[in-house]
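Read through the structure below, which is laid out as structure tokens, and then see the notes.
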Amino acid sequence: MATFKDIYKYIKKYNNIVIARHLRVDPDAQASSLALKELILNTFNNKNVYAVGISASKFKYMGALNKLPEDLSNTLLIVLDTPDLKRVDIDCEINSFSYTIKIDHHPFVEEFCDLEYIDDDASSTCEIILDMAYETKMKLNEESAKLLFQGIVSDTNRFTTINTTAKTFNLVHKLINDTKINFVSLYNDLYRRPLTEVRIQGYIAQNMTVTENGLGYIKIDDDIIKEFGVDAASPGNMINNFNYIDEIMAWAFVSHDVKNDIYRITIRSRGPIINSVASNYNGGGHQLASGARVKTMEEVDSLLEDLDFECKKFRGEEDENKQC
């Protein structure tokens with residue numbers, strides 16, 4: 001596997017660098033891309049660095065993205081937070097670049113870059129970038145520090161996920177101590193949301209189906225999306241707010257994206273392994289946090305059945321352990 005020293009060597013070598021991340025951007029992907037750009041420019045002020053991808057208005061507080069440069073000759077591509085090639089959010093072929101590097105914290109899916117650094121024990125890609133900054137000669141500044149903090153907080157759901165480790169806390173402590181960022185204020189941008197989303201969250205709580213095996217799910221059609229004045233991605237944005245419900249072991253929100261003619265399924269779990277299910281439905285992710293996209297309601301129902309089975313199997317394993 002690649003080392004931070006290897007990655008730093010190629011960053012130092014290339015004057016033109018493009019940073020990409022996955023489709024349907026989340027805070028960790030956005031923050032790690034923009035933070036790495038800041039780190040490179042703060043360390044090497046003579047480089048051209050482009051953080052690219054489809055923008056999302058809800059993350060505009062993190063900073064602006066760039067357009068992909070027309071000339072990709074002698075250009076390094078760094079792909080962040082993306083385990084497989086089909087999910088890379090970039091408007092060109094990956095072999096257009098002179099050299100490619102992947103940095104990711106998801107479980108391995110496929111090798112598609114020349115150099116790959118994967119740490120699926122890390123809480124987030126932002127944690128890896130922060131670790132790399134401290135292990136190399138890259139220079140943190142206030143802007144990169146704020147972005148890295150926000151990415152880590154978001155992907156750990158405020159330091160509550162299973163991948164939050166002592167190393168995570170040590171790195172964040174060092175970051176705050178070294179840069180003196182006002183980290184309390186950074187939560188405001190991450191967790192502020194419109195009243196429309198709060199109201200549809202209430203609708204979800206009132207109308208969620210819960211199976212006897214502990215799967216909670218809801219299907220939100222286009223009429224509900226329009227009634228509450230949100231977009232198809234909004235239900236997925238609040239899925240972490242449904243953790244710690246006694247009767248639910250795993251939960252899935254399904255919304256119909258009419259524009260792209262797909263069903264988006266966002267899935268979370270407090271025990272059952274869900275990424276193996278999601279990978280069968282054009283998706284994937286972490287063991288307890290995954291997503292999928294399918295074309296038909298029949299596929300949605302099949303996915304929900306598979307998730308329900310995983311809940312049943314997990315409860316059976318729990319009961320066996322209690323008897324032992």
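The values are calculated or read from the model by the stated rules, or taken from the named source; none is laboratory data. These numbers come from a predicted model, not from an experiment. Don't worry about glycine lacking a Cβ; one is built from the backbone with ideal geometry, like all the others, and counts go over all protein chains shown.
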Picked from the stretch 201-216 (must be surrounded by 18 or more Cβ atoms within 10 Å (Cβ to Cβ) and either at pLDDT below 95 or of a type outside the set (A, V, I, L, M, F, W, C) (or both)), the residue nearest to Asp246 (Cα to Cα) is Gly214
In the stretch 163-172, how many are loosely packed, with under 14 Cβ neighbours inside 10 Å and either aliphatic (A, V, I, L, M) or more than 25 Å from Leu288 (Cβ to Cβ) (or both)?
1
Just to verify a result, which residue in the stretch 249-265, among those that are in contact with a Gly (Cβ under 9 Å, 6 or more places away or on another chain) and modelled with pLDDT under 95, is surrounded by the most Cβ atoms within 10 Å (Cβ to Cβ)?
Ser255
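Yes/no matrix, rows are residues, columns are (1) within 16 Å of Glu299 (Cα to Cα); (2) touching a helix residue (DSSP H, G or I) at 6+ places or on another chain (Cβ under 7 Å); (3) not assigned by TED's automatic domain parsing to the domain that holds Phe309:
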| site | (1), (2), (3) |
| --- | --- |
| Glu212 | no, no, no |
| Asp222 | no, no, no |
| Val230 | no, yes, no |
| Asp257 | yes, no, no |
| Arg264 | yes, yes, no |
So which of Asp91, Asp84, Asp104 ends up being in contact (Cβ under 8 Å) with a residue 40 or more places away in the chain and of a type outside the set (S, T, N, Q)?
Asp84
Any residue in the stretch 272-280 that is more than 27 Å from Leu85 (Cβ to Cβ) and free of Cβ contacts under 8 Å to residues at least 60 places away in the same chain?
yes
Could you please find all residues in the stretch 162-187 being assigned to a loop (DSSP other than H, G, I, E, B) and free of Cβ contacts under 8 Å to residues at least 40 places away in the same chain?
Lys180, Ile181, Asn182
Looking at Arg268, Arg264, can you tell me which residue is under 17 Å from Glu310 (Cβ atoms), assigned to a strand (DSSP E or B) and under 18 Å from the mean Cα position of the chain (by Cα)?
Arg268
Go through the stretch 5-39 residue by residue and tally those that are in a helix (DSSP H, G or I) and either within 22 Å of the chain's Cα centre (by Cα) or buried (at least 24 other Cβ atoms within 10 Å of the Cβ) (or both).
14
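Take the residues in the stretch 40-66 that are among the hydroxyl-bearing types (Ser, Thr, Tyr) and assigned to a helix (DSSP H, G or I); name whichever of them is surrounded by the most Cβ atoms within 10 Å (Cβ to Cβ).
Of the residues in the stretch 40-66, the ones among the hydroxyl-bearing types (Ser, Thr, Tyr) are 43, 50, 55, 57, 61.
The next check asks that each one be assigned to a helix (DSSP H, G or I); those that pass are 43, 57, 61.
On the way: Thr43: 18, Ser57: 7, Tyr61: 14.
Checking each candidate, the answer is Thr43.
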Does any residue of the stretch 281-288 turn out to be of a type in the set (Ser, Thr, Tyr) and surrounded by fewer than 17 Cβ atoms within 10 Å (Cβ to Cβ)?
no
